[in-house]
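The values are calculated or read from the model by the stated rules, or taken from the named source; none is laboratory data. Predicted model only: the values in this text are computed from it and were never measured. Positions of Cβ are backbone-derived with ideal geometry, glycine not excepted, and every protein chain shown enters the neighbour counts. Heads up: the accessible areas ignore ligands, DNA and RNA and are worked out on the full protein's heavy atoms, side chains in. Shrake-Rupley method; radii C 1.70, N 1.55, O 1.52, S 1.80 Å.
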Amino acid sequence: MPPSKRSLHIESSGQLCIYCGACVGICPLNCIYLDETRITFDENVCTRCEICVKACPVGAIAIG
Amino acid sequence: METVRTDVLVVGAGPAGSMTAKWAAKSGAKVLMIEKRQEIGSPVRCGEGMSKDWLQEVGIVPGKWINVEVEGARIYSPSEKCLEINEKHAGNEVGYVVERDGFDKQLAIDAANAGVDIWLKTSATGILRENGHVVGVKAKRFGEPLEIRAKVTVGADGFESQVGRWAGLPTNLQLRDMDTCLQYRMTNVDSDVRYCDFYLGSCAPGGYVWIFPKAEGLANVGIGVQVSKVKSPADAKSYLDRWIEKHPGYAKGKKIDMVGGGVSISAPMKQTVTDGFLLVGDAARMIDPLTGGGIANGCIAGKIAGEVSARAVAAGDASKEVLAEYDRGWRARFEEKLYRNWLAKEKLCSLSDETFDKVVDALEGVKLEKLTVHNILKAVHVKYPEVTREFEAFL
Ligand SMILES: Cc1cc2nc3c(=O)[nH]c(=O)nc-3n(C[C@H](O)[C@H](O)[C@H](O)COP(=O)(O)OP(=O)(O)OC[C@H]3O[C@@H](n4cnc5c(N)ncnc54)[C@H](O)[C@@H]3O)c2cc1C
Ligand code: SF4
Ligand code: SF4
(Lines give C-alpha, C1' and ligand atoms only; values in the text may rest on other atoms or scores of the structure.)
(Ligands and ions follow the chains in the order given, each with its own letter.)
Protein backbone atom coordinates (compact mmCIF):
# COMPACT_ATOMS: atom_id res chain seq x y z
CA MET A 1 0.00 0.00 0.00
CA PRO A 2 1.40 3.48 -0.79
CA PRO A 3 2.30 5.36 2.38
CA SER A 4 -0.33 8.03 1.86
CA LYS A 5 -3.08 5.44 2.18
CA ARG A 6 -2.05 4.32 5.65
CA SER A 7 -3.95 5.87 8.48
CA LEU A 8 -2.59 7.73 11.45
CA HIS A 9 -4.15 7.14 14.81
CA ILE A 10 -3.64 9.26 17.90
CA GLU A 11 -4.80 7.52 21.06
CA SER A 12 -6.04 10.77 22.54
CA SER A 13 -9.02 9.49 24.48
CA GLY A 14 -6.92 9.69 27.63
CA GLN A 15 -5.70 6.10 27.69
CA LEU A 16 -2.22 6.97 26.42
CA CYS A 17 -1.94 10.61 25.36
CA ILE A 18 -0.84 13.05 28.06
CA TYR A 19 -1.67 16.13 25.93
CA CYS A 20 1.91 17.35 25.97
CA GLY A 21 2.05 18.96 22.53
CA ALA A 22 5.34 17.35 21.46
CA CYS A 23 3.74 16.05 18.25
CA VAL A 24 2.18 19.44 17.51
CA GLY A 25 5.47 21.30 17.67
CA ILE A 26 7.37 18.96 15.40
CA CYS A 27 4.84 18.09 12.68
CA PRO A 28 6.48 19.55 9.56
CA LEU A 29 3.10 20.22 8.00
CA ASN A 30 1.60 21.92 11.02
CA CYS A 31 -1.41 19.64 10.80
CA ILE A 32 -1.89 18.56 14.43
CA TYR A 33 -3.78 20.82 16.80
CA LEU A 34 -4.13 20.47 20.56
CA ASP A 35 -6.74 22.23 22.63
CA GLU A 36 -6.57 21.25 26.32
CA THR A 37 -7.46 17.55 26.03
CA ARG A 38 -8.66 17.46 22.47
CA ILE A 39 -6.38 16.60 19.59
CA THR A 40 -7.35 17.08 15.99
CA PHE A 41 -5.23 16.48 12.94
CA ASP A 42 -5.82 17.16 9.30
CA GLU A 43 -5.97 13.81 7.55
CA ASN A 44 -5.72 15.48 4.14
CA VAL A 45 -2.54 17.39 4.90
CA CYS A 46 -0.70 14.64 6.81
CA THR A 47 1.90 12.78 4.75
CA ARG A 48 2.30 9.88 7.22
CA CYS A 49 5.95 10.87 7.65
CA GLU A 50 5.93 9.27 11.13
CA ILE A 51 7.89 12.12 12.71
CA CYS A 52 5.19 12.65 15.32
CA VAL A 53 5.28 8.93 16.13
CA LYS A 54 8.92 9.31 17.19
CA ALA A 55 8.34 12.59 18.99
CA CYS A 56 5.57 11.27 21.22
CA PRO A 57 7.13 10.40 24.60
CA VAL A 58 4.49 7.82 25.49
CA GLY A 59 3.83 6.10 22.17
CA ALA A 60 0.29 7.35 21.68
CA ILE A 61 0.57 7.70 17.92
CA ALA A 62 0.53 4.80 15.52
CA ILE A 63 0.47 4.57 11.76
CA GLY A 64 -0.85 1.43 10.17
CA MET B 1 -18.26 38.29 13.19
CA GLU B 2 -17.08 40.38 16.11
CA THR B 3 -13.91 42.41 15.64
CA VAL B 4 -11.81 43.59 18.56
CA ARG B 5 -8.95 46.08 18.34
CA THR B 6 -5.89 46.54 20.48
CA ASP B 7 -2.37 47.95 20.16
CA VAL B 8 -0.46 44.81 21.08
CA LEU B 9 -1.90 41.29 20.96
CA VAL B 10 0.01 38.55 22.77
CA VAL B 11 -0.91 34.96 21.87
CA GLY B 12 -0.11 32.61 24.76
CA ALA B 13 0.10 33.37 28.48
CA GLY B 14 3.24 31.46 29.40
CA PRO B 15 6.19 33.28 30.98
CA ALA B 16 7.33 34.77 27.66
CA GLY B 17 3.82 36.03 26.84
CA SER B 18 3.12 37.53 30.27
CA MET B 19 6.49 39.27 30.28
CA THR B 20 5.95 40.72 26.83
CA ALA B 21 2.45 41.85 27.74
CA LYS B 22 3.54 43.41 31.01
CA TRP B 23 6.39 45.40 29.51
CA ALA B 24 4.34 46.55 26.53
CA ALA B 25 1.65 47.84 28.91
CA LYS B 26 4.20 49.44 31.22
CA SER B 27 5.61 51.20 28.16
CA GLY B 28 2.24 52.71 27.34
CA ALA B 29 0.51 50.32 24.92
CA LYS B 30 -2.99 48.89 25.15
CA VAL B 31 -2.42 45.15 25.46
CA LEU B 32 -4.59 42.05 25.14
CA MET B 33 -3.17 38.61 25.99
CA ILE B 34 -5.11 35.52 24.90
CA GLU B 35 -4.65 32.00 26.26
CA LYS B 36 -6.31 28.89 24.89
CA ARG B 37 -6.29 27.04 28.19
CA GLN B 38 -8.77 27.48 30.99
CA GLU B 39 -6.04 27.98 33.57
CA ILE B 40 -2.77 29.86 33.16
CA GLY B 41 0.24 27.73 34.10
CA SER B 42 -1.63 24.45 34.20
CA PRO B 43 -1.02 21.69 33.33
CA VAL B 44 2.68 22.20 34.04
CA ARG B 45 5.06 20.97 31.36
CA CYS B 46 8.33 21.67 33.06
CA GLY B 47 11.13 20.32 35.24
CA GLU B 48 10.75 23.53 37.22
CA GLY B 49 14.44 24.20 37.63
CA MET B 50 15.64 27.70 36.96
CA SER B 51 18.54 30.02 37.53
CA LYS B 52 17.90 33.18 39.47
CA ASP B 53 20.43 35.84 38.49
CA TRP B 54 18.16 37.21 35.73
CA LEU B 55 15.02 37.77 37.77
CA GLN B 56 15.84 41.29 38.82
CA GLU B 57 16.72 42.32 35.28
CA VAL B 58 13.18 41.61 34.11
CA GLY B 59 11.43 42.82 37.26
CA ILE B 60 10.33 39.51 38.80
CA VAL B 61 10.17 39.51 42.58
CA PRO B 62 10.86 36.10 44.23
CA GLY B 63 7.66 34.84 45.80
CA LYS B 64 5.76 31.90 47.19
CA TRP B 65 6.32 29.98 43.95
CA ILE B 66 9.83 29.01 45.09
CA ASN B 67 9.93 25.44 46.41
CA VAL B 68 13.61 25.12 47.21
CA GLU B 69 16.78 27.04 46.66
CA VAL B 70 19.47 24.55 45.72
CA GLU B 71 23.16 24.88 46.54
CA GLY B 72 24.46 23.25 43.42
CA ALA B 73 24.25 20.65 40.70
CA ARG B 74 25.64 17.13 40.54
CA ILE B 75 26.51 15.75 37.14
CA TYR B 76 26.78 11.97 36.89
CA SER B 77 28.75 10.20 34.18
CA PRO B 78 27.53 6.85 32.79
CA SER B 79 29.54 4.91 35.38
CA GLU B 80 28.13 7.38 37.90
CA LYS B 81 31.22 9.27 38.79
CA CYS B 82 29.93 12.50 40.21
CA LEU B 83 30.95 16.03 39.46
CA GLU B 84 29.66 18.48 42.00
CA ILE B 85 29.23 22.05 40.97
CA ASN B 86 28.29 24.54 43.59
CA GLU B 87 26.35 27.66 42.96
CA LYS B 88 29.35 29.91 42.75
CA HIS B 89 30.96 27.80 40.03
CA ALA B 90 27.82 27.15 38.09
CA GLY B 91 27.13 30.85 37.73
CA ASN B 92 23.58 31.07 36.54
CA GLU B 93 22.87 27.39 35.92
CA VAL B 94 21.48 26.49 39.32
CA GLY B 95 19.11 28.32 41.52
CA TYR B 96 15.51 27.55 42.34
CA VAL B 97 13.15 24.69 41.89
CA VAL B 98 9.79 26.36 41.51
CA GLU B 99 6.07 25.73 41.37
CA ARG B 100 5.65 26.53 37.66
CA ASP B 101 1.90 27.03 37.77
CA GLY B 102 2.29 29.51 40.62
CA PHE B 103 5.15 31.24 38.80
CA ASP B 104 3.19 31.57 35.55
CA LYS B 105 0.15 32.87 37.41
CA GLN B 106 2.25 35.44 39.25
CA LEU B 107 3.64 36.73 35.96
CA ALA B 108 0.10 36.98 34.59
CA ILE B 109 -0.95 38.89 37.71
CA ASP B 110 2.01 41.26 37.23
CA ALA B 111 0.86 41.78 33.64
CA ALA B 112 -2.73 42.42 34.73
CA ASN B 113 -1.48 44.92 37.33
CA ALA B 114 0.34 46.74 34.55
CA GLY B 115 -2.97 47.10 32.69
CA VAL B 116 -3.01 44.04 30.41
CA ASP B 117 -6.39 42.55 29.50
CA ILE B 118 -6.36 38.73 29.66
CA TRP B 119 -8.79 36.36 27.94
CA LEU B 120 -8.84 32.65 28.78
CA LYS B 121 -10.34 29.94 26.56
CA THR B 122 -9.37 32.00 23.55
CA SER B 123 -7.22 30.39 20.88
CA ALA B 124 -5.67 31.89 17.83
CA THR B 125 -6.78 29.83 14.85
CA GLY B 126 -5.21 31.75 11.98
CA ILE B 127 -3.42 34.93 11.06
CA LEU B 128 -4.85 38.13 9.55
CA ARG B 129 -2.83 39.90 6.88
CA GLU B 130 -3.19 43.06 4.88
CA ASN B 131 -0.69 43.93 2.15
CA GLY B 132 1.69 41.33 3.51
CA HIS B 133 1.54 42.90 6.96
CA VAL B 134 0.30 40.81 9.92
CA VAL B 135 -2.63 42.76 11.38
CA GLY B 136 -3.90 40.32 14.02
CA VAL B 137 -5.37 36.85 14.35
CA LYS B 138 -8.51 34.89 13.75
CA ALA B 139 -9.54 33.44 17.06
CA LYS B 140 -12.14 31.52 18.95
CA ARG B 141 -13.29 32.77 22.33
CA PHE B 142 -15.39 30.25 24.24
CA GLY B 143 -16.01 28.63 20.88
CA GLU B 144 -17.21 31.85 19.21
CA PRO B 145 -15.16 32.97 16.20
CA LEU B 146 -13.88 36.54 16.20
CA GLU B 147 -11.15 38.70 14.71
CA ILE B 148 -8.60 40.41 16.90
CA ARG B 149 -6.84 43.25 15.14
CA ALA B 150 -3.58 44.62 16.50
CA LYS B 151 -0.79 46.96 15.50
CA VAL B 152 1.72 44.41 16.76
CA THR B 153 0.96 40.69 17.12
CA VAL B 154 3.24 38.60 19.34
CA GLY B 155 3.52 34.83 19.00
CA ALA B 156 4.25 33.52 22.51
CA ASP B 157 2.52 30.20 21.95
CA GLY B 158 5.29 27.98 23.21
CA PHE B 159 6.87 24.86 21.79
CA GLU B 160 3.71 24.00 19.83
CA SER B 161 3.83 27.36 18.11
CA GLN B 162 1.66 27.56 15.07
CA VAL B 163 1.22 31.31 14.99
CA GLY B 164 4.85 31.75 13.91
CA ARG B 165 4.43 29.36 11.01
CA TRP B 166 1.20 31.02 9.96
CA ALA B 167 3.05 34.34 9.94
CA GLY B 168 5.67 32.83 7.67
CA LEU B 169 8.59 32.53 10.08
CA PRO B 170 10.54 29.29 9.71
CA THR B 171 10.12 27.65 13.12
CA ASN B 172 10.19 24.10 11.76
CA LEU B 173 12.42 21.70 13.63
CA GLN B 174 14.38 18.72 12.36
CA LEU B 175 14.32 15.47 14.33
CA ARG B 176 17.77 16.23 15.71
CA ASP B 177 16.60 19.67 16.87
CA MET B 178 14.19 18.35 19.48
CA ASP B 179 14.21 16.33 22.66
CA THR B 180 11.08 14.42 23.57
CA CYS B 181 10.57 14.66 27.34
CA LEU B 182 8.74 12.81 30.05
CA GLN B 183 8.73 13.49 33.76
CA TYR B 184 7.22 11.97 36.86
CA ARG B 185 6.79 13.80 40.11
CA MET B 186 7.82 11.20 42.65
CA THR B 187 7.41 10.97 46.38
CA ASN B 188 9.32 8.83 48.89
CA VAL B 189 12.54 9.10 46.88
CA ASP B 190 16.14 9.68 48.00
CA SER B 191 16.62 13.02 46.29
CA ASP B 192 18.69 15.67 48.04
CA VAL B 193 17.10 19.11 48.44
CA ARG B 194 20.54 20.69 48.15
CA TYR B 195 21.15 19.55 44.59
CA CYS B 196 19.72 19.32 41.11
CA ASP B 197 21.05 16.08 39.61
CA PHE B 198 21.83 15.32 35.98
CA TYR B 199 22.66 11.86 34.57
CA LEU B 200 24.40 11.86 31.19
CA GLY B 201 25.23 9.26 28.57
CA SER B 202 23.42 6.33 27.00
CA CYS B 203 20.77 6.33 29.74
CA ALA B 204 19.28 9.29 27.82
CA PRO B 205 20.59 9.49 24.22
CA GLY B 206 20.98 13.11 23.16
CA GLY B 207 19.59 14.37 26.46
CA TYR B 208 19.81 13.60 30.14
CA VAL B 209 17.89 12.34 33.16
CA TRP B 210 17.15 15.08 35.69
CA ILE B 211 16.21 15.02 39.35
CA PHE B 212 14.99 18.40 40.58
CA PRO B 213 14.05 18.34 44.28
CA LYS B 214 10.73 19.92 45.28
CA ALA B 215 10.86 19.12 49.02
CA GLU B 216 12.32 16.47 51.30
CA GLY B 217 11.64 13.12 49.54
CA LEU B 218 9.74 14.77 46.68
CA ALA B 219 11.28 15.41 43.27
CA ASN B 220 10.69 15.88 39.55
CA VAL B 221 12.34 12.90 37.86
CA GLY B 222 12.45 13.42 34.12
CA ILE B 223 14.18 12.62 30.87
CA GLY B 224 14.84 14.18 27.50
CA VAL B 225 15.77 12.04 24.48
CA GLN B 226 16.79 13.46 21.11
CA VAL B 227 14.05 12.56 18.65
CA SER B 228 16.56 11.51 15.98
CA LYS B 229 17.86 8.91 18.44
CA VAL B 230 14.45 7.42 19.17
CA LYS B 231 14.32 3.83 17.89
CA SER B 232 10.80 2.82 18.80
CA PRO B 233 7.66 4.59 19.98
CA ALA B 234 7.61 5.61 23.64
CA ASP B 235 11.41 5.41 23.97
CA ALA B 236 11.41 8.40 26.32
CA LYS B 237 9.16 6.52 28.71
CA SER B 238 11.09 3.26 28.36
CA TYR B 239 14.43 4.94 29.06
CA LEU B 240 13.07 6.79 32.07
CA ASP B 241 11.38 3.71 33.50
CA ARG B 242 14.60 1.74 33.02
CA TRP B 243 16.64 4.44 34.77
CA ILE B 244 14.27 4.46 37.73
CA GLU B 245 14.30 0.66 37.97
CA LYS B 246 18.10 0.69 38.18
CA HIS B 247 18.19 3.23 41.00
CA PRO B 248 16.81 1.80 44.25
CA GLY B 249 16.49 5.27 45.79
CA TYR B 250 13.93 6.04 43.09
CA ALA B 251 12.54 2.59 42.30
CA LYS B 252 10.99 2.57 45.78
CA GLY B 253 9.27 5.90 45.14
CA LYS B 254 5.70 6.51 44.06
CA LYS B 255 4.63 8.58 41.08
CA ILE B 256 2.05 11.24 41.78
CA ASP B 257 2.07 13.12 38.50
CA MET B 258 3.26 12.71 34.92
CA VAL B 259 3.96 15.35 32.30
CA GLY B 260 5.67 15.47 28.94
CA GLY B 261 6.51 17.78 26.14
CA GLY B 262 8.94 18.85 23.51
CA VAL B 263 12.07 20.92 23.97
CA SER B 264 13.91 22.47 21.06
CA ILE B 265 17.68 22.01 21.07
CA SER B 266 18.31 23.85 17.83
CA ALA B 267 20.67 26.64 16.84
CA PRO B 268 19.18 30.15 17.27
CA MET B 269 16.57 31.16 14.68
CA LYS B 270 17.72 33.46 11.91
CA GLN B 271 14.61 35.62 11.89
CA THR B 272 12.15 36.38 14.71
CA VAL B 273 10.27 39.38 13.30
CA THR B 274 8.24 40.21 10.24
CA ASP B 275 5.93 43.11 9.40
CA GLY B 276 3.54 43.59 12.33
CA PHE B 277 4.67 40.42 14.07
CA LEU B 278 7.29 39.02 16.40
CA LEU B 279 8.00 35.69 18.09
CA VAL B 280 9.19 35.19 21.65
CA GLY B 281 10.12 32.32 24.02
CA ASP B 282 9.84 28.67 23.03
CA ALA B 283 7.92 29.75 19.94
CA ALA B 284 11.14 31.47 18.82
CA ARG B 285 13.19 28.40 19.76
CA MET B 286 14.98 30.29 22.53
CA ILE B 287 15.51 27.26 24.77
CA ASP B 288 19.12 26.75 25.76
CA PRO B 289 20.09 23.72 23.66
CA LEU B 290 22.54 22.44 26.27
CA THR B 291 20.41 22.67 29.41
CA GLY B 292 16.94 22.55 27.88
CA GLY B 293 15.95 25.49 30.07
CA GLY B 294 13.74 28.09 28.44
CA ILE B 295 12.09 30.11 31.19
CA ALA B 296 14.88 32.66 31.63
CA ASN B 297 15.47 33.37 27.94
CA GLY B 298 11.74 33.61 27.29
CA CYS B 299 11.34 36.21 30.03
CA ILE B 300 14.42 38.21 29.08
CA ALA B 301 13.35 38.32 25.43
CA GLY B 302 9.78 39.08 26.53
CA LYS B 303 10.82 42.27 28.25
CA ILE B 304 12.61 43.48 25.14
CA ALA B 305 9.68 42.41 22.94
CA GLY B 306 7.22 44.34 25.08
CA GLU B 307 9.27 47.52 25.10
CA VAL B 308 9.95 47.43 21.36
CA SER B 309 6.28 46.66 20.56
CA ALA B 310 5.10 49.66 22.58
CA ARG B 311 7.63 51.90 20.85
CA ALA B 312 6.46 50.67 17.45
CA VAL B 313 2.86 51.44 18.42
CA ALA B 314 3.79 54.93 19.62
CA ALA B 315 5.72 55.59 16.41
CA GLY B 316 2.82 54.32 14.30
CA ASP B 317 5.19 51.99 12.47
CA ALA B 318 5.36 48.26 13.15
CA SER B 319 7.28 47.34 10.03
CA LYS B 320 9.89 44.64 10.32
CA GLU B 321 12.60 47.29 10.16
CA VAL B 322 11.25 48.87 13.35
CA LEU B 323 10.58 45.53 15.09
CA ALA B 324 14.11 44.44 14.18
CA GLU B 325 15.19 46.36 17.28
CA TYR B 326 13.74 43.43 19.23
CA ASP B 327 15.61 40.91 17.12
CA ARG B 328 18.88 42.76 17.70
CA GLY B 329 18.08 43.20 21.39
CA TRP B 330 17.63 39.55 22.32
CA ARG B 331 20.58 38.54 20.15
CA ALA B 332 22.86 41.03 21.89
CA ARG B 333 21.70 39.66 25.23
CA PHE B 334 22.02 35.87 24.74
CA GLU B 335 22.44 34.69 21.15
CA GLU B 336 26.13 34.00 21.51
CA LYS B 337 25.54 31.77 24.52
CA LEU B 338 22.75 29.93 22.70
CA TYR B 339 25.06 29.33 19.80
CA ARG B 340 28.04 28.19 21.89
CA ASN B 341 25.82 25.88 23.92
CA TRP B 342 24.33 24.50 20.73
CA LEU B 343 27.83 23.66 19.47
CA ALA B 344 28.71 22.08 22.82
CA LYS B 345 25.48 20.07 22.78
CA GLU B 346 26.19 18.83 19.25
CA LYS B 347 29.52 17.51 20.48
CA LEU B 348 28.16 16.04 23.69
CA CYS B 349 25.50 14.14 21.76
CA SER B 350 28.23 12.34 19.88
CA LEU B 351 30.28 11.25 22.91
CA SER B 352 30.54 7.63 23.98
CA ASP B 353 29.88 6.61 27.57
CA GLU B 354 33.60 6.01 27.94
CA THR B 355 34.43 9.57 26.96
CA PHE B 356 31.78 10.98 29.29
CA ASP B 357 33.38 9.03 32.12
CA LYS B 358 36.78 10.46 31.27
CA VAL B 359 35.47 14.01 31.17
CA VAL B 360 33.84 13.72 34.59
CA ASP B 361 36.82 11.84 35.98
CA ALA B 362 39.18 14.57 34.80
CA LEU B 363 37.09 17.19 36.53
CA GLU B 364 36.85 15.39 39.84
CA GLY B 365 38.54 17.46 42.50
CA VAL B 366 39.38 20.27 40.09
CA LYS B 367 38.33 23.68 41.33
CA LEU B 368 36.84 25.59 38.46
CA GLU B 369 36.62 29.36 38.78
CA LYS B 370 33.41 29.43 36.82
CA LEU B 371 31.67 26.63 34.99
CA THR B 372 31.95 27.42 31.32
CA VAL B 373 32.45 25.04 28.43
CA HIS B 374 35.87 26.60 27.95
CA ASN B 375 36.99 26.04 31.54
CA ILE B 376 35.74 22.45 31.54
CA LEU B 377 37.66 21.64 28.40
CA LYS B 378 40.84 23.21 29.73
CA ALA B 379 40.58 21.03 32.83
CA VAL B 380 39.89 17.88 30.83
CA HIS B 381 42.80 18.67 28.53
CA VAL B 382 45.27 18.35 31.39
CA LYS B 383 44.37 14.70 32.06
CA TYR B 384 42.96 13.41 28.76
CA PRO B 385 44.29 15.53 25.90
CA GLU B 386 42.96 12.99 23.38
CA VAL B 387 39.42 13.68 24.57
CA THR B 388 39.64 17.40 23.95
CA ARG B 389 41.15 17.05 20.49
CA GLU B 390 37.66 17.01 19.00
CA PHE B 391 36.78 20.18 20.87
CA GLU B 392 39.62 22.33 19.67
CA ALA B 393 37.21 24.91 18.29
CA PHE B 394 36.32 25.82 21.88
CA LEU B 395 39.84 26.07 23.26
C1 LIG C 1 9.26 18.25 30.20
C2 LIG C 1 9.84 19.63 30.16
C3 LIG C 1 10.69 20.06 31.16
C4 LIG C 1 11.22 21.36 31.14
N5 LIG C 1 12.01 21.75 32.18
C6 LIG C 1 12.47 23.02 32.22
C7 LIG C 1 13.22 23.48 33.34
O8 LIG C 1 13.44 22.73 34.31
N9 LIG C 1 13.67 24.76 33.34
C10 LIG C 1 13.41 25.62 32.30
O11 LIG C 1 13.85 26.78 32.34
N12 LIG C 1 12.70 25.22 31.24
C13 LIG C 1 12.22 23.94 31.18
N14 LIG C 1 11.47 23.54 30.10
C15 LIG C 1 11.17 24.51 29.05
C16 LIG C 1 10.12 25.50 29.56
O17 LIG C 1 8.98 24.81 30.00
C18 LIG C 1 9.76 26.47 28.45
O19 LIG C 1 10.94 27.04 27.94
C20 LIG C 1 8.83 27.60 28.91
O21 LIG C 1 7.59 27.12 29.31
C22 LIG C 1 8.66 28.57 27.74
O23 LIG C 1 7.74 29.57 28.03
P24 LIG C 1 6.86 30.20 26.88
O25 LIG C 1 6.11 31.29 27.52
O26 LIG C 1 7.68 30.48 25.69
O27 LIG C 1 5.88 29.02 26.41
P28 LIG C 1 4.80 28.19 27.25
O29 LIG C 1 5.09 28.21 28.69
O30 LIG C 1 4.68 26.89 26.56
O31 LIG C 1 3.45 29.02 27.03
C32 LIG C 1 2.78 29.06 25.81
C33 LIG C 1 1.31 29.31 26.06
O34 LIG C 1 0.65 29.57 24.84
C35 LIG C 1 -0.61 28.93 24.85
N36 LIG C 1 -1.01 28.73 23.45
C37 LIG C 1 -0.46 27.88 22.54
N38 LIG C 1 -1.08 27.97 21.36
C39 LIG C 1 -2.04 28.92 21.50
C40 LIG C 1 -3.01 29.48 20.63
N41 LIG C 1 -3.11 29.08 19.37
N42 LIG C 1 -3.85 30.44 21.11
C43 LIG C 1 -3.76 30.85 22.40
N44 LIG C 1 -2.85 30.37 23.28
C45 LIG C 1 -2.00 29.41 22.83
C46 LIG C 1 -0.35 27.64 25.59
O47 LIG C 1 -1.54 27.10 26.10
C48 LIG C 1 0.61 28.10 26.68
O49 LIG C 1 -0.06 28.51 27.84
C50 LIG C 1 10.92 22.23 30.08
C51 LIG C 1 10.07 21.80 29.05
C52 LIG C 1 9.53 20.53 29.08
C53 LIG C 1 8.61 20.10 27.98
S1 SF4 D 1 2.74 11.75 10.25
FE2 SF4 D 1 3.99 13.55 9.76
S3 SF4 D 1 2.60 14.93 8.66
FE4 SF4 D 1 1.32 13.40 9.68
S5 SF4 D 1 0.72 14.35 11.63
FE6 SF4 D 1 2.58 13.13 12.01
S7 SF4 D 1 4.28 14.57 11.76
FE8 SF4 D 1 2.47 15.52 10.81
S1 SF4 E 1 3.09 13.79 21.61
FE2 SF4 E 1 1.85 11.99 22.19
S3 SF4 E 1 1.24 12.39 24.31
FE4 SF4 E 1 1.97 14.34 23.48
S5 SF4 E 1 0.09 15.36 22.70
FE6 SF4 E 1 1.00 14.24 20.97
S7 SF4 E 1 -0.03 12.23 21.01
FE8 SF4 E 1 -0.42 13.17 23.00
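Just a few scattered comments:
- Unit charges at the beta carbon, dipole of the protein assembly as shown: most positive-side option, B:Leu9, B:Ser42, B:Ile109: B:Leu9
- Cα-based shape type of region B:313-372, given that a ≥ b ≥ c are square roots of the gyration tensor eigenvalues and the cut on a/c is 1.5: prolate
- Computed from the Kirkwood radius of its Cα pairs, the Stokes-Einstein diffusion coefficient for region B:124-164 at 10 °C and 1.306 mPa s stands at 148 µm²/s.
- Using the Cβ of B:Lys214 as centre and a radius below 10 Å, the other residues enclosed give a net charge of -2, where K and R count +1 and D and E count -1.
- Relative pair counts by distance (%), Cα atoms of region A:3-63, 5 Å bins: 4, 21, 35, 27, 12, 2, 0
- Among B:Lys22, B:Lys151, B:Lys246, residue whose mean-square fluctuation peaks in a GNM of chain B (springs only between Cα atoms under 10 Å): B:Lys246
- Modelled this way, with points 7 Å down the Cα-to-C-beta line, the labels at B:Lys255 and B:Gln38 are 2.5 nm from one another.
- Mean projected area (nm²) of the alpha-carbon convex hull when chain B is viewed from all directions: 18.9 nm²
- Projected-area mean, region B:43-155, by convex hull of Cα positions, square nanometres: 11.2 nm²
- Mean accessible surface per residue for the protein assembly as shown, computed with a 1.4 Å probe while every protein chain stays in place, in Å²: 42 Å²
- Magnitude of the charge dipole for region B:1-107, about its Cα centre and with charges confined to Cβ atoms of Lys, Arg (+1) and Asp, Glu (-1), is about 380 debye.
- Counted charge near B:Val58, where neighbours are those whose Cβ lies closer than 13 Å (Asp, Glu -1; Lys, Arg +1): +1
- Mean Cα-pair separation over length for region B:346-391, i.e. relative contact order, pairs under 8 Å, 6 or more apart, %: 38 percent
- Hull volume in cubic angstrom per residue (convex hull over the Cα atoms of region B:226-328): 141 Å³
- Fraction in percent of alpha-carbon pairs per bin - 20 Å, the protein assembly as shown: 25, 57, 17, 0
- Taken about its Cα centre, region A:3-63 carries a charge dipole of about 240 debye when Lys and Arg each add +1 at the Cβ and Asp and Glu each add -1 at the Cβ.
- Too-long pairs where the Cα-Cα distance tops 24 Å, listed order kept, from B:Lys26/B:Lys140; B:Lys64/B:Lys246; B:Lys138/B:Lys320; B:Lys105/B:Lys214: B:Lys26/B:Lys140; B:Lys64/B:Lys246
- The simple Förster model, with R0 at 41 Å and r as the Cβ-Cβ distance, assigns B:Lys231 and A:Asp42 a FRET efficiency of 0.90.
- The DSSP beta bridges internal to chain B are antiparallel in roughly 70% of cases.
- Region B:303-349 - charge dipole about Cα centre, Lys and Arg +1 at Cβ, Asp and Glu -1, debye rounded to 20: 320 debye
- Cα centroid separation - chain A against region B:279-342, whole Å: 30 Å
- Note on chain B: helix-only mean residue ellipticity at 222 nm, from DSSP H runs of 4+ residues weighted -39500 (n - 2.57) and normalised by residue number, equals -9000 deg cm²/dmol.
- Directionally averaged projected area (convex hull, Cα atoms, region B:143-189), nm²: 6.9 nm²
- Rg and Dmax of region B:164-306, Cα atoms only, in Å: 17.0, 55
- Residues A:Leu16 and B:Gln271, FRET efficiency given R0 of 35 Å [Cβ-Cβ distance, rounded to 0.05]: 0.45
- Whole-angstrom gap from region B:141-170 to region B:183-240, using each part's C-alpha centre: 33 Å
- Global size of region B:89-219: 20.1, 60 Å for Rg and Dmax (C-alpha atoms, Rg to one decimal, Dmax whole).
- Extent along principal axes [Cα atoms of region B:346-391; Å; largest to smallest]: 27, 18, 15
- For chain B, complete DSSP H runs whose alpha carbons reach 24 Å or more along their own long axis and whose mean Kyte-Doolittle score is 0.0 or higher are B:295-315.
- Based on DSSP H segments of at least four residues, each scored -39500 (n - 2.57), chain A has a per-residue ellipticity at 222 nm of -3000 deg cm²/dmol.
- Extension gain from B:Glu84 to B:Lys121, taking 0.36 nm per residue of separation minus the Cα-Cα distance: 8.9 nm
- If R0 is 56 Å, the Cβ-Cβ spacing of B:His133 and B:Ala215 corresponds to a FRET efficiency of close to 0.65.
- Counting DSSP beta bridges with both ends in the protein assembly as shown, the antiparallel % (nearest 5): 70 percent
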